[in-house]
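Worksheet: one structure, shown below.
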Amino acid sequence: MLDTGIYNDELVTVRLISATGVFDEIVGGSASQLSTRLSEVLRGKAAAVYTIEIAWGVNREYLKVILKR
């Protein structure tokens with residue numbers, strides 16, 4: 001998360017979204033758990049540009065990721 005000051009121990013959902021709209025969803029409570037699972041998902045993906053959506057409570061953050069192989 002970019003701004004951890006607005007995080008209040010809510011459940012966090014991370015979605016890895018491809019340019020075609022297909023997504024993988026990861027749900028967890030700890031940053032280390034989510035990070036590990038996201039790394040596993042990315043290992044199986046083709047080189048492309050992806051959007052990562054991080055959602056908790058009423059908050060959303062979006063990041064663009066360029067995956068090179």
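Couple of notes before you dig in:
- Contacts under 9 angstrom Cβ, first residue in segment 28-44 being outside any helix (DSSP H, G or I), partner among the β-branched types (Val, Ile, Thr), 6 or more apart: GLY28/VAL12; GLY28/THR13; GLY28/VAL14; GLY29/VAL12; SER30/VAL12
- Residue list for segment 6-16, filter: under 11 Å from ILE54 (Cα atoms) and either surrounded by 13 or more Cβ atoms within 10 Å (Cβ to Cβ) or of a type in the set (Phe, Trp, Tyr) (or both): VAL12, THR13, VAL14, ARG15, LEU16
- Residue within segment 24-35 that is of a type outside the set (Ser, Thr, Tyr), exposed (fewer than 12 other Cβ atoms within 10 Å of the Cβ), under 12 Å from the mean Cα position of the chain (by Cα) and modelled with pLDDT of 90 or more present: no
The values are calculated or read from the model by the stated rules, or taken from the named source; none is laboratory data. The model shown is predicted, which means the values in this text are computed figures rather than measured ones. Counting neighbours? That spans all protein chains shown, and the Cβs are built from the backbone with ideal geometry, glycine included.
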